[in-house]
Amino acid sequence: MATYAVEAVDLVKTYPAGRKNPPLRALDGLTVSVGEGVVLGLLGPNGAGKSTTVKILTTLSRADSGSALVAGYDVNRSPDRVRRSIGYVPQKSSSDPMATGLENLVLSGRIFGLSRQESLQRARELLDRFGLTEHGDRPVKTYSGGMQRKLDVALGLVHRPKVLFLDEPTTGLDPEARADLWNEVVRLSGQEGLTVLLTTHYLEEADRLAGQLAIVDHGRIVAEGTPEALKASLRGDSVHVELVDPDTDGTVRALLGQLPGIGEIVVEGNTLRARVDRGATAVPAVLGALEDKAIPVVAVTVSRPSLDDVYLQHTGRSFRVAEEAA
Ligand SMILES: Nc1ncnc2c1ncn2[C@@H]1O[C@H](COP(=O)(O)OP(=O)(O)O)[C@@H](O)[C@H]1O
Ligand SMILES: [Mg+2]
């Protein structure tokens, strides 16, 4: 029997109306499970419901309905046990910028009930593990963004949790610091069998870091699997056509729709994306058809399906457009 570190079933969460906004159904029957020792990425654009999910699973918020077990404990019935079994690294850092890295870690250990001695030992261990030993005595406000984020993750690990929740761990980091943190997370899950649930709105991060992906859209999981399996489930190739003018009257869409072996055409402004059986034969056919009608084109590219194509397939819009709408 498979063991799950996280099992959430049919979570619904509605935020009440404010003065300007109507009530908002942030989670609309979200179901997700994470196997023990797995790194699961919850991928979705801003506003998809990722942080709301994490807050419910970490007992910081309550769902209107649905159920969730974390480390085997019910989040509603045994919130204390859940809290003792998990580490939570919020989207915004919770470290004290005026205190040193070491002080932050020691304080966190004390809050979790470790003795002074144990706290200090654990703090040194974690500084070492994250390559922060030589910076341990500096105030956190002097740390780079990448160092701060590593310290945040270390703070989530002080009490040796079974499940670690990372909400947008690399948002705002430069590519190098981001890659560095990815390596740390992979190492943690590999060496210690830690289960990690992380949220991200970076397609590349989801692709590189997560063993398993769950794609969230409007408070629901629309697709799940390994990044490879999700991409492989789309047959053929993706064609992107960048037009000089937007296809406002649908001429281009209709024109390309008549070509053989082309389908699932989506137009967003000046770009048109479609799935084709074979990229190599589709490109000349697409260019020929556009040239016949004297429709100017900036570029046509063909590629293997990406996670963005997976997202498009399941939501009807590209990730970029979903982000812009948020
Ligand atoms: N405390 C809140 N009150 C009202 N609306 C909220 C609150 N928190 C989040 N929302 C709304 O719920 C939706 C989901 O938010 P969130 O879970 O933060 O998404 P994500 O983390 O994927 O960006 C968004 O539309 C957001 O504006
Ligand atoms: Mg969020």
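Overview of values
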read-out: Spin-label model distance (nm) - Ala229 vs Arg208, 7 Å beyond Cα toward Cβ; value: 2.4 nm
read-out: Among Pro296, Pro22, Pro260: highest mean-square fluctuation, GNM of the chain, C-alpha pairs under 10 Å; value: Pro22
read-out: Residue with peak Gaussian network fluctuation, the chain [Cα springs, cutoff 10 Å], from Leu287, Leu155, Leu11; value: Leu287
read-out: ³J(HN,Hα) computed for each position of the range 146-154 - Karplus, 6.51 cos²θ - 1.76 cosθ + 1.60, integer Hz, glycine/proline x; value: x, 5, 4, 5, 5, 4, 4, 5, 4
read-out: Only Lys, Arg (+1) and Asp, Glu (-1) charged, at Cβ; the range 1-48 dipole about Cα centre in debye; value: 460 debye
read-out: Residue (of Ala299, Gly263, Val158) at the positive-pole extreme of the chain, dipole from beta-carbon charges; value: Val158
read-out: FRET efficiency for Arg253 and Ser115, using Cβ-Cβ distance with R0 set to 56 Å, rounded to 0.05; value: 0.25
read-out: Computed helical MRE - 222 nm, the chain, DSSP H runs ≥ 4 contributing -39500 (n - 2.57), nearest 500; value: -11000 deg cm²/dmol
read-out: Given the chain, longest segment not containing exposed loop trypsin sites (Lys or Arg not before Pro) (DSSP; at most 14 other Cβ within 10 Å); value: 93-234
read-out: Val38 long-range amide H proximity, modeled H, under 5 Å; value: Val196
read-out: Signed unit charges on C-beta, dipole axis of the chain, positive-most listed residue Val32, Gly136, Ala229; value: Gly136
read-out: Anisotropy class of the chain from Cα gyration tensor, a/c 1.5 cut; value: prolate
read-out: The chain, relative contact order [Cα under 8 Å, separation at least 6], %; value: 19 percent
read-out: Lys, Arg +1 and Asp, Glu -1 on Cβ, resulting dipole of the range 109-242 about Cα centre, debye, nearest 20; value: 680 debye
read-out: Size of charge dipole - the range 4-231 - debye, nearest 20, with Cβ of Lys, Arg +1 and Asp, Glu -1, no other charges; value: 780 debye
read-out: Near-label residues of the range 77-116 by backbone N, under 11 Å of a point 7 Å along Cα→Cβ of Thr142; value: 100-101
read-out: Max mean-square fluctuation residue, GNM over the chain, Cα-Cα springs under 10 Å, options Asn46, Asn183, Asn21; value: Asn21
read-out: Spin-label model distance (nm) - Ser303 vs Val244, 7 Å beyond Cα toward Cβ; value: 2.5 nm
read-out: Alpha carbon centroid spacing (whole Å) that separates the range 1-80 from the range 191-248; value: 19 Å
read-out: Rounded, prolate or oblate (a/c below 1.5 giving rounded, otherwise prolate when a/b exceeds b/c) for the range 80-149 by Cα gyration tensor; value: oblate
read-out: Cut-off under 5 Å, modelled amide H: who pairs with Ile221 long-range; value: Thr31
read-out: Separation in nanometres of the label points that stand 7 Å from Cα toward Cβ, at Glu134 and Lys92; value: 3.3 nm
read-out: Listed pairs Lys55/Lys141; Lys55/Lys92; Lys13/Lys50 exceeding 22 Å between Cα atoms; value: Lys55/Lys141
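Coordinate-derived values only; no laboratory data. Keep in mind it's a predicted model, so treat the numbers as computed, not measured. With ideal geometry, Cβ positions are generated from the backbone for all residues, glycine too; neighbour counts draw on all protein chains shown.
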